[in-house]
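Participant: Quick one: the structure is below, and I'll ask about it shortly.
Values quoted throughout were computed directly from the atomic coordinates according to the rules given, and no laboratory measurement underlies them. Here the structure is a predicted model, which means the values were calculated and not measured. Note that we place each Cβ from the backbone using ideal geometry, even for glycine, and neighbour counts take in every protein chain shown.
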Amino acid sequence: MKTKDLALIALFAALISVLAQISIPLPFSPVPITGQVLGVVLAGAILGRNKGTLAIIVYLLMGAIGLPVFAQGGSGLAAFVKPSGGYLWGFVLGVYAMGLILEMGKKEVGYLRLVISMFVCLMVVYLFGTLQLIYVLQLTPIKGFLLGVAPYIALDIAKILLGAAVSYRVRNALQQAGYIKYSGLGSN
């Protein structure tokens, strides 16, 4: 892996860390509203499946070793087993799934495919987040959905639309500058 690849991975891990600090606790849910989802979908869309997933893993490792990079300055291994820890696990698989969708078909990735892939990423994050929320708090699936998904849908869709618009332009600029290569996202 080249130095510029490592720098981009570190940059996106840092971006997610910063966006996680934009955090609004909700009094009825252990899951705050954060900017993490925006950072996660940007990492996947701009870096692709492999490097995007690595950026998420670096972010999670930073938090695991004690850096306060999770929502509300959280850190440590305990964050992974808290009610909201499933969302962290979901980021990894969500970005990976997103990358698979972006790699299908034509080399050129349009806005619609970016939005669809980001939506799939979000659904994976919601799935893992809700499953852990249900398990840790011993909730019914309906209650888990109402606490862990329903309050966030509208804002997360807005993050996806913003993320798709930004990533489309940034990907093209980075590609033209030679920082990333696309002969399909999987080869970057």
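Participant: Please give the length that would be gained between Gln175 and Leu162 if that part of the chain were fully extended, namely 0.36 nm times their separation in residues minus their C-alpha to C-alpha distance (nm, one decimal).
Facilitator: Contour length minus the Cα-Cα distance gives 2.7 nm.
Participant: How long, wide and thick is segment 39-114, going by the Cα atoms along their three principal axes, in whole angstroms, largest first?
Facilitator: 42, 20, 17
Participant: What FRET efficiency would be calculated for the residue pair Tyr111, Ile22, taking the C-beta separation as r and a Förster radius of 22 Å, to the nearest 0.05?
Facilitator: Calculated value: 0.35.
Participant: Continuing with the same structure: Rank the residues Leu8, Leu77 as a footprinting-exposure proxy: fewest other Cβ atoms within 10 Å of their Cβ go first.
Facilitator: Going from least to most buried by this count: Leu77, Leu8.
Participant: Moving to a separate point now. Where does the longest stretch of the chain lie that holds no trypsin sites (Lys or Arg not before Pro) found in a DSSP loop with 10 or fewer other Cβ atoms within 10 Å?
Facilitator: Longest stretch, sites excluded: 3-105.
Participant: Compute a Gaussian network model of the chain, connecting alpha carbons closer than 10 Å, and tell me which residue from Val92, Val170, Val149 fluctuates the most.
Facilitator: Evaluated over the chain, the most mobile residue of the options is Val170.
Participant: When the chain is treated as a GNM, springs tying every alpha-carbon pair under 10 Å, which of Leu139, Leu54, Leu15 comes out with the largest mean-square fluctuation?
Facilitator: Greatest mean-square fluctuation among the candidates belongs to Leu139.
Participant: Of the options Ile157, Val69, Phe80, report the single residue whose Cα projects farthest towards the positive end of the charge dipole of segment 3-179 (beta-carbon charges: Lys, Arg +1; Asp, Glu -1).
Facilitator: Ile157
Participant: If the elastic network links every pair of Cα atoms under 10 Å, which of Ser29, Ser84, Ser167 fluctuates the most in the Gaussian network model of the chain?
Facilitator: The residue with the greatest mean-square fluctuation here is Ser29.
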